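One structure is given below, encoded as structure tokens.
Here, each number is a calculation from the coordinates, and none is a lab measurement. Values in this document were obtained by computation on a predicted structure and should not be read as measured data. A quick note on method: Cβ atoms are made from the backbone with ideal geometry, for glycine too, and the neighbour counts reach across all protein chains shown.
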């Protein structure tokens, strides 16, 4: 734009009036767009709640605690999908968090400088691979490998442990909660590790240098300086990964085994909320069945909402700390 | 700058869309069963080359197909389960079979090749109910005197997605086992008492291939293409049969269509001596008084062409074309029931 | 740490222990990296080997016929859906991002930021259900391009909003003050100065959103479905083809021709997504180069 160097009086008045009008329009446009985002959230929650009302009305609270799923007689309980969703996500987190932590450290502290950017870029690229491709790989490559080499060992060794052993007993199917957890872990690691990498960068060099000056090893610096400083942001990143794991549909459907029976063993098949929707929505013949699947969608929405809200709060706490520093 | 350009583009886009919506729709749309998707889409390609009419078939599942035709948004629906007389009457719909396919049990047991294992309906039902737990169970040994069956546990694999394959398979189990009928029933997805669920035929066959000592069920085409060990089945007359196109056609030919109003008959456990017991069909569903007569006419032309000239395409995809007797019945049904 | 009374030998022992544990920690983290790299390379390897085997010229010249033929209709459809989704999401996302960034102190702006973050994480299948319930059935659009574009736009607009906001917040405050001091209006300042300053970052967000929408399956199955033909110009009532559907559905057909199409589609999507992500990285590094020079 060109501003006249010495504007004439009436011209300036017109310009000010025009600018004021434009600014008003501009702010209006901005506000509309922001409101649209709000509408998207309300629309998603509202439409799934409305679509699932038949199921909520019919089953009430029993919907959440019943494990009986019978499409023939119109009896639906969401316990198994909820359990499957939570267990696979938990398992994925147990595997993904330490590994992501290791990768983030590797990329911020250990790897030679010239290697850091390319590897970080590669990890981020992998976050973009469509999830359906992870599912195909899980079914055709990972599952046979697990069935032949890992499941028997898990069953023999971990299954023999007292107490927790029951979690690991089962036939070597190669599919089930363990496989789904593994695939999910591989999928969320790029996410969690890039968040961690970013927050590790926020640690003031001053702090690290001081610790080194006191004679700490690198590992001690990480453990005693970097991690405490970034704790809440790291947890926030983990929760973001958890949100992704909870709602992952395509990859999980391929490898989870999709059984509606409840089983506590991780080697056994189960179902998750998203996989049940993907499996049954197109062929749901009764209104109640369809409504139940939509109600499951609403549940999934609520669960991820809560998880993400917690993640946000934790990340905000770090931002505040950074602001004070 | 960028904003004004963008808003201009958006305006153009909107304008374009208004014109697009106003333009007249051409072509026939159908929706429903995924079982018939390969053959219907192949037929529509050839039909398009011959006549120029475009048939767009969407495999959204039988439930979706029924919903769409009831809402009158497609020219025909396709369902793996027939509609009841009340439903047809209430919406003024008619239905007729389109093509036939066979469903076969497949096993992964060491040393047992394709077509070796013999199964009967009740034994199959007991396996899928978890009553028969091991391969060397006396009931199985009795059916297979010459085979060496391992003492290992049987893993059951079923479909996890709602499907016409499951519908016909469970319908058959219900017909041969009172207990199955009472405790489980039949439908596109049922409460399976045991086993793991694979997504689609691919999921089931992948699981059966990977899990030793497993048993599942897939469409015949799938067993053939994947070289899986399908089984023999005892049919309604007590004969053991290998699955074959002839056996599926025999089931369609011997099923009592004449007695079934609106072809409302599931042809599992068909009475013919050489009829494969788990044979399935898919029904096309159309309005008896069409909303758009011209579209309806093209749709009938399409199915007439498919029934009379579409056999090669169907056979190439391992479907069985309808036998001539059934085609005659369907054409008679069109003349008496449909206005077009 | 309090090594006050330790004898030299004890001290050396502890030193060794500390060095050892530090070493072990590094070996573990290196191992973690190798583990992930191995799995991810294997995924890429699988897709590339099977996909390249299925590639041929026909794929890019003909539409699918049944479960064989080419993928041109799916490539066209994927491009259309992505383009349509971006057409809706980019203005909303960028303008919304400006709002949150420039009026960020207001309570409502904070709420919008939070909601956008939540929306970015909502499972895509839930959006698919929303699109199905509202546009496909309630509005009667049927499976259609418009329903798919709007559903995808709902997924990626919050993403673009957040990246735009972060990009704008990275612009120094001095630039704003200088602009106002010169008497620029708010609209002029933001659109012509600030946005231009951080354009590479905004572009990166848009490119990543594009990659997301190319790779999505779950929200499209229930809103666009599938078609064997090219797009016929209708926004509603007519479905179009897209690449991820080919993977999702054709892998379930018995024939090797269908499987080949699925693997070819997987390869195309992976290549495309990787390319877009790479472009995004490049546009970012260009910004960094400009900054440092």
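Rounded to the nearest 500 deg cm²/dmol, what is the calculated helix-only ellipticity per residue at 222 nm for chain B, with -39500 (n - 2.57) per DSSP H run of length n ≥ 4?
Numbers: 14 runs with 150 residues, N = 340.
Roughly -13000 deg cm²/dmol at 222 nm, from the helical runs in chain B.
What ranking, highest mean first, results for peptides A:175-182, C:193-200 when packing means the other Cβ atoms within 10 Å averaged over each residue? List each step's numbers first, then the result.
Details: A:175-182: 28.5, C:193-200: 17.8.
Descending packing order for the listed peptides: A:175-182, C:193-200.
Can you give me the angle between helix A:287-324 and the longest principal axis of chain A, using Cα atoms only, in degrees from 0 to 90, rounded to the nearest 10?
Roughly 50 degrees, rounded to the nearest 10.
Rounded to the nearest angstrom and ordered from largest down, what semi-axes does the equivalent ellipsoid of the protein assembly as shown get from its C-alpha gyration tensor (root of 5λ)?
Numbers: eigenvalues 541, 293, 98 Å².
They are 52, 38, 22 Å, listed from largest to smallest.
For the range B:236-340, what is the Kirkwood estimate of the hydrodynamic radius, computed as the reciprocal of the mean inverse distance between distinct Cα atoms, to one decimal in Å? Display every interim value, and only then the final one.
Values: mean 1/r = 0.0669 Å⁻¹.
Computed over Cα pairs of the range B:236-340, the Kirkwood hydrodynamic radius comes out at 14.9 Å.
Using Cβ contacts closer than 10 Å as the measure, can you line up A:59, B:76, B:91, C:250 from fewest to most? Walk me through the intermediate numbers first.
Numbers: A:59 19, B:76 30, B:91 16, C:250 25.
Going from least to most buried by this count: B:91, A:59, C:250, B:76.
Could you give P(r) for the range A:56-98, binned at 5 Å from zero, as whole percent values over all Cα-Cα pairs?
For the range A:56-98, the pair-distance distribution reads 6, 22, 21, 17, 11, 9, 8, 4, 1.
Under 1.5 on a/c is rounded, so check that first for the range B:110-174, then, if it is not, pick prolate when a/b is larger than b/c and oblate when it is not; a ≥ b ≥ c are the square roots of the alpha carbon gyration tensor eigenvalues. The partial results should precede the final answer.
Numbers: a/c = 1.87, a/b = 1.85, b/c = 1.01.
Here the range B:110-174 falls in the prolate category.
Across the residues of A:308-318, average count of Cβ atoms on other protein chains within 10 Å? Each step should come with its number before you reach the end.
Working: counts 7, 4, 0, 3, 5, 1, 0, 1, 2, 0, 0.
Mean partner-chain Cβ count within 10 Å for A:308-318: 2.
How high is the relative contact order of chain B? Use alpha-carbon pairs under 8 Å, at least six apart in sequence, and give a whole percent.
Working: 665 pairs, mean separation 80.2, N = 340.
In percent, rounded to a whole number, it is 24.
So what is the diffusion coefficient of the range C:69-243 in µm² per second by Stokes-Einstein at 10 °C and 1.306 mPa s, using a Kirkwood Rh over Cα pairs? Let's see the in-between values first.
Details: Rh = 17.1 Å.
After rounding, the answer is 93 µm²/s.
Just the number, please: percent antiparallel of the DSSP beta bridges in the protein assembly as shown, rounded to the nearest 5.
Values: 28 of 44 bridges.
If I count the DSSP bridges inside the protein assembly as shown, around 65 percent turn out antiparallel.
Could you work out the mean projected area of the convex hull around the alpha carbons of the range C:87-165, in square nanometres to one decimal?
Hull-based average projected area comes out at 5.1 nm².
Which whole-number percent is the relative contact order of chain C (Cα, under 8 Å, 6+ apart)? Can you show the working numbers first?
On the way: 387 pairs, mean separation 73.5, N = 293.
That works out to 25 percent.
Evaluate the relative contact order of the range C:69-243 (contact order divided by residue number), counting alpha-carbon pairs under 8 angstrom at least 6 apart; express in whole percent. Intermediate results must be reported in sequence, preceding the final value.
Numbers: 257 pairs, mean separation 69.2, N = 175.
Reported relative contact order: 40 percent.
Any idea what % of Cα-Cα pairs in the range C:41-93 are farther than 18 Å?
Of the Cα pairs, 54 percent sit more than 18 Å apart.
Checking a compactness column here: for chain C, what do you get for Rg(Cα) / (2.2 N^0.38 Å), N being the number of residues? Let's see the in-between values first.
Working: Rg = 25.1 Å, N = 293, 2.2 N^0.38 = 19.0 Å.
In units of the 2.2 N^0.38 Å rule of thumb, it is 1.32.
Would you mind giving the mean number of other chain beta-carbons within 10 Å of the Cβ of each residue in C:183-196, as a whole number? All intermediate terms of the calculation are to be shown ahead of the outcome.
Numbers: counts 6, 3, 10, 8, 11, 6, 1, 4, 7, 4, 1, 0, 3, 2.
Average per residue, whole number: 5.
Give the angle, between 0 and 90 degrees and rounded to the nearest 10, that separates the Cα long axis of helix B:324-337 from the longest principal axis of the Cα atoms of chain B.
40
Mind pulling the angle between the C-alpha long axis of helix B:2-22 and the longest principal axis of chain B? Nearest 10 degrees, somewhere in 0 to 90.
Its long axis makes an angle of about 80 degrees.
So, by mean Cβ neighbours within 10 angstrom, what's the order for B:139-147, C:39-47 with the highest one leading?
Values: B:139-147: 13.9, C:39-47: 17.9.
Ranked by mean Cβ neighbours within 10 Å, highest first: C:39-47, B:139-147.
Restricting everything to alpha-carbon atoms, can you work out Rg to Rh for chain B with a Kirkwood hydrodynamic radius? It would help to have the intermediate numbers written out before the result.
Working: Rg = 22.6 Å, Rh = 21.4 Å.
Expressed as Rg/Rh, it is 1.05.
Between the range C:112-177 and the range A:166-198, what's the alpha-carbon centroid distance in Å?
Between the Cα centre of the range C:112-177 and that of the range A:166-198, the gap is 28 Å.
Per-residue mean of other chain beta-carbon atoms within 10 angstrom of the beta-carbon, peptide C:62-68?
Details: counts 0, 1, 2, 7, 13, 6, 5.
Partner Cβ neighbours, averaged per residue: 5.
One-quarter of the Cα convex hull surface for the range B:82-125, in nm²? If you can, show how the numbers build up before the last one.
On the way: hull surface 21.6 nm².
Reported value for the Cα convex hull: 5.4 nm².
Rounded if a/c is under 1.5, else prolate if a/b is larger than b/c, else oblate: which is the range A:157-210, with a ≥ b ≥ c the root eigenvalues of its Cα gyration tensor?
Details: a/c = 6.46, a/b = 2.33, b/c = 2.77.
Oblate shape, in that a/c is at least 1.5 and b/c is the bigger or equal ratio.
Quote the convex hull volume per residue of the range C:117-219, based on C-alpha atoms, as a whole number of Å³.
On the way: hull volume 11.5 nm³, N = 103.
It is 111 Å³ per residue.
Rounded to the nearest 500, what is the 222 nm mean residue ellipticity of chain C from helices alone, with -39500 (n - 2.57) per DSSP H run of 4+ residues and division by all residues?
Details: 11 runs with 205 residues, N = 293.
Rounded to the nearest 500, it is -24000 deg cm²/dmol.
From the mean inverse distance of alpha carbon pairs (Kirkwood) and the Cα radius of gyration, derive Rg over Rh for the range A:136-254.
Details: Rg = 19.5 Å, Rh = 17.1 Å.
With Rg and the Kirkwood Rh in hand, the quotient comes to 1.14.
Go through C:116-122, B:297-303 and give me the packing order, highest mean Cβ count within 10 Å leading.
On the way: C:116-122: 22.6, B:297-303: 19.0.
The peptides rank, most packed first, as C:116-122, B:297-303.
Using alpha-carbon positions, what is the distance between the centroids of the range C:187-246 and the range B:264-278, in Å?
Answer, in whole Å: 50.
For chain A, what class follows from the C-alpha gyration tensor (a ≥ b ≥ c being the square roots of its eigenvalues): rounded when a/c is under 1.5, otherwise prolate if a/b is larger than b/c, else oblate? Let's see the in-between values first.
Values: a/c = 2.52, a/b = 1.27, b/c = 1.99.
Since a/c reaches 1.5 but b/c is at least a/b, the shape of chain A is classed as oblate.
Can you put A:288, B:124 in order, fewest other beta carbons within 10 Å first? Could the numbers behind the result be given before it?
On the way: A:288 18, B:124 25.
With the fewest neighbours first, A:288, B:124 line up as A:288, B:124.
For chain B, give the share of DSSP beta bridges that are antiparallel, in percent and rounded to the nearest 5; count only bridges with both residues there. Can you show the working numbers first?
Values: 24 of 39 bridges.
For chain B, the DSSP antiparallel bridge percentage is about 60.
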